[in-house]
DNA sequence: TTGAATTATTTAGCTACGCTAACTAACTTA
DNA sequence: TAAGTTAGTTAGCGTAGCTAAATAATTCAA
């Protein structure tokens, strides 16, 4: 998804371009690692992500959930269908507007998410714990910046 | 793919668990932004990524490329087939071992990659440039840590 | 108050990209 | 040289994106 090393004509080290380039690469590599760990949870990343929104964002309509996950409604509709088949969420028709569906997590959904989250973060957390205190502080300070760059 | 906010029983702020949790979330959000920008380049992320390895890593065998991209050989074989159809790479049979294929970038491949890379990184780079110098330093310092966590 | 427009969701059908299994071809070695 | 190994391709499956079209409920205007 990105250059593995500085291409010819690489930007000046420390410049915004260089940071962007390396950050791009680092994010991709980090994501691949996370995805590898997500795979172990027995539920795919998009499903886990959608489930997460439902668990922590409470009952939510299909369209709102799709927007939160940045996918189209039909994509989310199918995702929710499989989550429902797996007993992780339920669809409840909104009594005020019967076109609308409220998607809620089941107890099984909440349990699976929390277990999965713990497993997912455990390995990364262990690596972070093995960093020097200084490095850990740097990482912590960088997180809000990453979130800002991600557009939150 | 991850909690949007601290779940009940969230770890102590600043602990390795908390950093792992937030980093997980930040990486996902950052990735989504990058993917959105990648989409604009007219070539899918997996293709762009593979092309990148070929361009910067020189002629490379199928199996090595698959390993570099962390996908199975058949997946890469198909990816390369489409890149070849698009005229971005060529397959050359290795004269020493005629089972083996050397995948090389074409001039068109190099051109597309560099143009795409510039476009991709430009928006992110602009946002980084707008950070305070201090924050930019923090980000720069964090990048090697991210790469280390990603397993490099 | 009903007919038209809008809104929320689902269904259908396409593409891309992961995977495994099975195949072909080429090389190595006992 | 036959048997085993290695490199790559082909076939076929599942998941997840998308758009277009269908369905159903609601809103609104004449």
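Here, each number is a calculation from the coordinates, and none is a lab measurement. Everything numeric here is computed off the predicted structure, so don't read it as measured data. Positions of Cβ are generated from backbone atoms using ideal geometry, with glycine treated the same way; all protein chains shown enter the neighbour counts.
Things to note:
- Secondary-structure-derived ellipticity at 222 nm for the protein assembly as shown, considering helices only, amounts to -21500 deg cm²/dmol, per-run term -39500 (n - 2.57) for DSSP H runs with n ≥ 4.
- Chain A's nearest residue to the axis relating it to B, judged by Cβ and reported with the distance in whole Å, is A:142, 2.
- In nanometers and ordered shortest first, the copy-to-copy spacing of the residue A:132 label point, defined 7 Å from Cα toward Cβ, is 2.5.
- Cα extents for region B:89-136 along the principal axes, largest to smallest and rounded to whole angstrom: 55, 21, 10.
- Pair-distance distribution of region B:16-152: all C-alpha pairs, bin width 10 Å, starting at 0; shares per bin in whole percent are 10, 32, 32, 18, 6, 1.
- Distance from region B:14-36 to region A:96-152 (C-alpha centre basis), Å: 7
- Proxy reagent accessibility, fewest Cβ within 10 Å first, across B:101, B:121: B:101, B:121
- For residue A:92, the distances from its label point to the matching points in the remaining copies are 6.6 nm, ordered from shortest, with each point set 7 Å beyond Cα toward Cβ.
- By other beta-carbon atoms within 10 Å, ranking B:15, B:125 with the fewest at the front produces B:15, B:125.
- Diffusion constant of the protein assembly as shown at 37 °C, which comes from Stokes-Einstein with the Kirkwood Cα-pair radius and 0.692 mPa s, µm²/s: 157
- Rg/Rh (Cα only; Kirkwood hydrodynamic radius) as it applies to region B:38-83: 0.95
- Remark: relative contact order (chain A) = 18 percent; criterion is Cα-Cα distance under 8 angstrom and separation of 6 or more residues.
- For residue B:61, inter-copy separations between label points set 7 Å beyond Cα along the Cβ vector come to 5.7 nm, shortest first.
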